[in-house]
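Only one structure is covered here, and it is reproduced in the block below.
Computed from the coordinates by the stated procedures, all read-outs in this text should not be read as laboratory data. Please read these numbers as outputs of a predicted model, since none were measured by experiment. A quick note on method: Cβ atoms are made from the backbone with ideal geometry, for glycine too, and the neighbour counts reach across all protein chains shown.
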Amino acid sequence: MPLPGTPRTILGIETSCDETAAAVVRGRTVLSNVIASQHELHAEYQGVVPEIASRAHAERLLPIVRQAVAEAGVTLADIDAVAIGNRPGLIGSLLVGVSGAKALAWSLGKPIVAVDHIHAHLYAGCMGKGSKPVAGGGAALGLVVSGGHTSMYLMRSPTDLTRLGATIDDAIGEAYDKVANILGLGFPGGPMVDRLAQRGDAGLFDFPISRLAPGSLDFSFSGLKTAVLYAHRGVPNSKEPHTVPRAEDVCAGFQRAAVRAITLKLERALEQHPSIRSLLVGGGVSANSHLRQELTAFAAKKKLDLRLPPMDLCLDNAAMIAGLGHEMLAARTPPWTGDELVFSAVASSR
Ligand code: KG4
Ligand code: ZN
């Protein structure tokens with residue numbers, strides 16, 4: 001229950017990478033969620049170009065904020081607080097959002113709250129129609145699977161997290177994008193690999209599943225990516241004749257190994273932290289159909305309260321920023337001052 005006097009209608013802003021997003025949220029209810037993707041601007045480079053991203057945010061931020069307010073059926077005067085994703089991310093992109101959010105909050109005379117993008121991804125599964133608070137009685141395990149991050153957290157509350165492990169090389173979304181690049185499927189490749197894999201035979205390949213040291217809760221995807229490269233192009237200097245395999249079979253084999261690497265580490269985390277009762281998942285790859293199926297089966301087997309974000313809150317969005325911002329204000333996290341906020345974005349932009 002929010003404390004009396006807690007701001008209820010929150011305008012969220014998100015510009016950490018290549019999505020310019022604004023949303024209006026009341027408590028856990030999403031009133032609007034507007035996302036302007038820049039994929040078309042970065043596609044020819046097969047990755048996000050920071051300078052192009054910052055410029056596009058600067059052009060798009062205000063129209064997107066206006067659209068989010070209008071679609072929510074409110075006016076700027078109804079906004080009680082502004083929440084801004086201030087880290088981690090690309091420094092230029094963050095500064096555009098932080099500066100815009102500061103100016104808006106100042107001109108409206110409303111508080112501003114700085115929200116960690118990764119924590120917000122983990123909150124996304126607690127939002128939307130009919131969402132309930134996570135079951136009490138134990139800690140939650142948080143799993144972030146995105147283009148920039150693959151990590152697990154022990155969560156005592158939505159804002160009290162301890163990192164248990166993270167990727168030591170590529171993030172899982174990055175591996176999806178690189179596999180798509182190897183196979184010539186376009187950028188961002190995750191959704192394409194997901195779609196093709198549904199028509200493929202995963203059993204034709206025995207791709208490596210990273211385990212790392214016994215007990216390690218870190219992840220690694222670079223060996224898997226190289227194995228996919230060799231499967232597609234052939235092993236360098238091999239005398240064996242090479243036949244290019246069907247892309248759908250490669251996608252299915254890759255996806256099976258990548259998702260198994262995730263459930264294996266979840267299994268280890270549960271062994272090491274038996275008080276865990278809930279599993280919160282977030283980030284762009286939580287939209288993946290095979291991962292969603294496997295996590296659902298895993299949670300049922302382990303009797304975990306699983307929170308997967310609705311599809312429109314998996315990828316970068318501002319509703320998750322506003323939702324966690326509301327939670328932070330309800331928990332009486334003090335609003336940030338403007339200077340603190342800019343320094344914090346600069347200091348922790350990765
Ligand atoms: O969370 P996000 O929007 O950005 C970061 O914070 O990184 O995640 C983007 C990533 C990209 O790598 C994209 O390929 C991946 O999420 N992705 C998917 C799917 N949809 C998006 N990966 C696998 N299957 C999908 N259906
Ligand atoms: Zn993200």
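Computed values, structure above
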read-out: Burial ranking of peptide ranges 108-115, 69-76, 287-294 (average Cβ count within 10 Å, highest at the top); value: 108-115, 287-294, 69-76
read-out: For the stretch 257-300, diffusion coefficient by Stokes-Einstein and Kirkwood Rh (Cα), 20 °C, 1.002 mPa s, µm²/s; value: 194 µm²/s
read-out: Candidate aspartates and glutamates for bridging to residue 301, where Cα separation is under 17 Å - those fewer than 8 sequence places away on the same chain excluded; value: 267, 271
read-out: The chain: antiparallel DSSP beta bridges as a percent of all, rounded to 5; value: 60 percent
read-out: Cross-link table 178/302; 225/265; 102/178; 178/265, entries beyond 27 Å C-alpha to C-alpha; value: 178/302; 102/178
read-out: Degrees, to the nearest 10: 172-182 long Cα axis against longest axis of the chain; value: 50 degrees
read-out: Selection from 313, 273, 90, by position along the positive dipole direction of the chain (Cβ); value: 273
read-out: The chain: most fluctuating residue of 142, 282, 189 per GNM, C-alpha cutoff 10 Å; value: 189
read-out: Whole-Å semi-axes of the stretch 91-249's equivalent ellipsoid (Cα gyration tensor); value: 38, 21, 16
read-out: Dipole of the stretch 202-255 [Lys/Arg +1, Asp/Glu -1 at C-beta], most positive-end residue of 205, 255, 228; value: 228
read-out: Residue (of 109, 58, 76) at the positive-pole extreme of the stretch 4-111, dipole from beta-carbon charges; value: 109
read-out: Around residue 20: net Lys/Arg minus Asp/Glu count, Cβ-Cβ under 12 Å; value: -3
read-out: Shape call, the stretch 16-111: gyration tensor on alpha carbons, a/c limit 1.5; value: prolate
read-out: Kirkwood Rh in Å, taken over the chain so that all alpha-carbon pairs contribute; value: 20.8 Å
read-out: Charge dipole (debye, nearest 20) of the chain; +1 at Cβ of Lys and Arg, -1 at Cβ of Asp and Glu; value: 900 debye
read-out: Cα-based shape type of the stretch 54-95, given that a ≥ b ≥ c are square roots of the gyration tensor eigenvalues and the cut on a/c is 1.5; value: oblate
read-out: 3J(HN,Hα) from dihedral phi, the stretch 303-308, Karplus parametrisation 6.51/-1.76/1.60, rounded to Hz, x for glycine, proline; value: 6, 9, 7, 8, 10, 9
